[in-house]
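Worksheet: the structure to be examined is printed underneath.
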2 protein chains.
Amino acid sequence: MSPKEEIAASRKDQIMNSAAALFASQGFYKTTTAHVAEAVGVTQPYVFHFFKSKEQLYLAVLERAYERLHRAFSAVDAPPEELAHKMGLAFNTLLESYRNEILLLMQCFTTPEPAIREYSRRTHSRIYNTVKTRFKTAGVPKPGTEASIFISCGLIITLSEILELPELSPWHEDLD
Amino acid sequence: MSPKEEIAASRKDQIMNSAAALFASQGFYKTTTAHVAEAVGVTQPYVFHFFKSKEQLYLAVLERAYERLHRAFSAVDAPPEELAHKMGLAFNTLLESYRNEILLLMQCFTTPEPAIREYSRRTHSRIYNTVKTRFKTAGVPKPGTEASIFISCGLIITLSEILELPELSPWHEDLD
DNA sequence: ACAATTTTATTTATTGATAAATAAATGAAG
DNA sequence: CTTCATTTATTTATCAATAAATAAAATTGT
C-alpha cells in the first residue's frame, strides 16, 4: 500500500493487511497478535477491539482473500480453448498484486485449528465449484477434472514460491 | 502396529510413530511433547532423552518419511509410457500404508520454523530431482515438467485427503 | 460533555525444557 | 545361584517464557 492509501485505510483494514502478510509468511501459530499490532503501530489489546479472537481475525482475512480470488476468476472472459490459460494468467496477476492473500488461501488447509479447517474446507470447495462451473458453462469437456488440475497448478506454484524452488513451477522452462 | 511389533519397536521408534501421527494431523505447533509422550505411554520429559528438541523430533520423522518415499519411487520399474502411472500407484500404496508420514511430507512446507523450512526445501528439492531423473533416464520428454506435474498431483491428493473433499482428487470420476 | 479511539495494567494458561531422583535391568564376583 | 555394583530406563518436580484475552483507564476529537 502507498502511504496515502495507508492513511486512508481504516484501522481495521490496516490490521487485516498486516495480519495477511504475517499469517502468510509465519502461519497462524507463529503470528502473535502483538506482531500484528506492532506492524500497524498500535497496542496488542487493541486488535481485540476489532476482532473478538485471533482466530476470527484469521478467518476475516481468509474470507477477504477468497472474495478477491472469486471476483478475479469471475471477471475472466475467453473462448473454451483459452479459458484455462486466461484463468491461469488471472491467478498470476493476483499473485503479484496480493501475494500474501493468495499464499494464505492456498496454505490455509494445513492449519489444524478446527474452525479454520472447516472454513478452509468450505473455501476450497467454493473455489473448486467456481472453476468447475466456469469450465462447464464454457463447454470444456471433463470440467471437474480440469478444475482439479487447475487447482493443483495453484498448489505447486504456492509450494515453489514458499520454498523458493522456481524449478518446481509449471512456468519454469524445462531445458536439457 | 500390531501388539507384537509394538513391543518389539524401541521407545525411540514408538515416539517417532506417535509423533508422525500427531504432527500429520495436528501440525508442528499444536502437537505438544506431552501429547506425543501420552500417546506412547511415557512421561513428557522422557521424549527429550531421545531428541534434544521438539524440532529435532519433527525433522527426524520427516527424514524417515522422505527415505521411505525415495525407496518406494526407486523400486518402481516400468517402460517410459507407463512410468508416471506406476509411480502414481506407488504413491497411492504408500499413502495407504504410511498415511501419516506422507501427509506430513506433503504438508511440511507450510511450517514456518526456519530450520524446518530449510529442511522442507531440501526435501522437496530431493523428491523433485528423484522423479525428474527417473523420467529423464527413461527417456520421457520434458522430464522437469512431468516431475512438476507429478508432484502437483501429490499436493492435490493431500489437500483432498486433509479436507475430506474427494471430488478434488484426480482419481475422482468426473460425471455430468 | 459526549462518544469513539486507544493505552496501561494484569490475568491465566500453556508448554518446551532442565535437573535431580528413582526404579529396573544387567553382569560380575563370591 | 545370589548378592552387589554399575549402567540404563524412566519419573517427579519445577522453571522460565510466551501469548491470548479482559477490564478499566485515559486520550482524542466534535
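Please verify whether A:Leu22 is crowded, with 20+ Cβ neighbours inside 10 Å and within 16 Å of DNA strand D (Cβ to nearest atom), treating the condition exactly as stated. So A:Leu22 fits the description; yes. Checking each residue in region A:12-31 for being within 13 Å of chain B (Cβ to nearest Cβ) and over 15 Å from the mean Cα position of the chain (by Cα) picks out A:Tyr29, A:Lys30, A:Thr31.
Where helices (runs of 4 or more DSSP H) fall entirely within region A:1-84, those with at least 3 residues that are in contact (Cβ under 8 Å) with a residue 12 or more places away in the chain are at A:11-30, A:33-40, A:47-50, A:54-75. Tallying residues that are assigned to a helix (DSSP H, G or I), surrounded by fewer than 19 Cβ atoms within 10 Å (Cβ to Cβ) and charged (D, E, K, R) within region A:130-145 yields 1. With respect to the conditions (1) within 16 Å of DNA strand D (Cβ to nearest atom); (2) modelled with pLDDT under 95; (3) not polar (S, T, N, Q), B:Lys30 falls short on a single one, namely (2).
Can you confirm whether B:Ala90 is open to solvent by less than 40 Å² (accessible area, probe 1.4 Å), in a helix (DSSP H, G or I) and of a type in the set (A, V, I, L, M, F, W, C)? Break it down into steps so the answer makes sense when it comes.
Values: open to solvent by less than 40 Å² (accessible area, probe 1.4 Å): yes; in a helix (DSSP H, G or I): yes; of a type in the set (A, V, I, L, M, F, W, C): yes.
Answer is yes for this residue.
If we scan region B:142-157, do we find a residue that is without any contact (Cβ under 8 Å) to a residue 60 or more places away in the chain and farther than 29 Å from A:Cys108 by Cβ? Yes - at least one qualifying residue is present in region B:142-157. Are any residues in region B:150-168 surrounded by 17 or more Cβ atoms within 10 Å (Cβ to Cβ) and at the interface with chain A (Cβ under 7 Å from one of its Cβ atoms), and if so, which ones? B:Ile151, B:Ser152, B:Cys153, B:Leu155, B:Ile156, B:Leu159, B:Ile162, B:Leu163, B:Leu165, B:Leu168 - these are the residues of region B:150-168 that are surrounded by 17 or more Cβ atoms within 10 Å (Cβ to Cβ) and at the interface with chain A (Cβ under 7 Å from one of its Cβ atoms).
Here A:Leu175 passes the criteria (1) at the interface with another protein chain (Cβ under 9 Å from one of its Cβ atoms); (2) open to solvent by 10 Å² or more (accessible area, probe 1.4 Å); (3) at pLDDT 95 or above except the one numbered (3).
For region A:97-105, indicate whether the set of residues that are within 9 Å of another protein chain (Cβ to nearest Cβ) and crowded, with 20+ Cβ neighbours inside 10 Å is non-empty. The answer is no; no qualifying residue exists. State yes or no: is B:Ala115 at pLDDT 95 or above and either at the interface with another protein chain (Cβ under 7 Å from one of its Cβ atoms) or under 16 Å from B:Val76 (Cβ atoms) (or both)? No: the conditions fail for B:Ala115. Among the candidates A:Glu67, A:Glu38, the residue that is open to solvent by 60 Å² or more (accessible area, probe 1.4 Å) and either more than 13 Å from DNA strand D (Cβ to nearest atom) or within 14 Å of chain B (Cβ to nearest Cβ) (or both) is uniquely A:Glu67. When region B:44-64 is filtered for residues that are in contact with a helix residue (DSSP H, G or I) (Cβ under 6 Å, 6 or more places away or on another chain) and within 13 Å of DNA strand D (Cβ to nearest atom), the ones remaining, listed by number, are B:Gln44, B:Val47, B:Phe50, B:Phe51.
Determine whether B:Ile127 is facing chain A (nearest Cβ under 7 Å), among the aliphatic types (A, V, I, L, M) and open to solvent by less than 20 Å² (accessible area, probe 1.4 Å).
So B:Ile127 fails the test.
The values are calculated or read from the model by the stated rules, or taken from the named source; none is laboratory data. None of these values were measured; they are calculated from a predicted model. Backbone-built Cβ (ideal geometry, glycine too); neighbour counts: all protein chains shown. These accessible areas exclude ligands, DNA and RNA; they are computed on the full protein's heavy atoms, side chains included. Shrake-Rupley method; radii C 1.70, N 1.55, O 1.52, S 1.80 Å.
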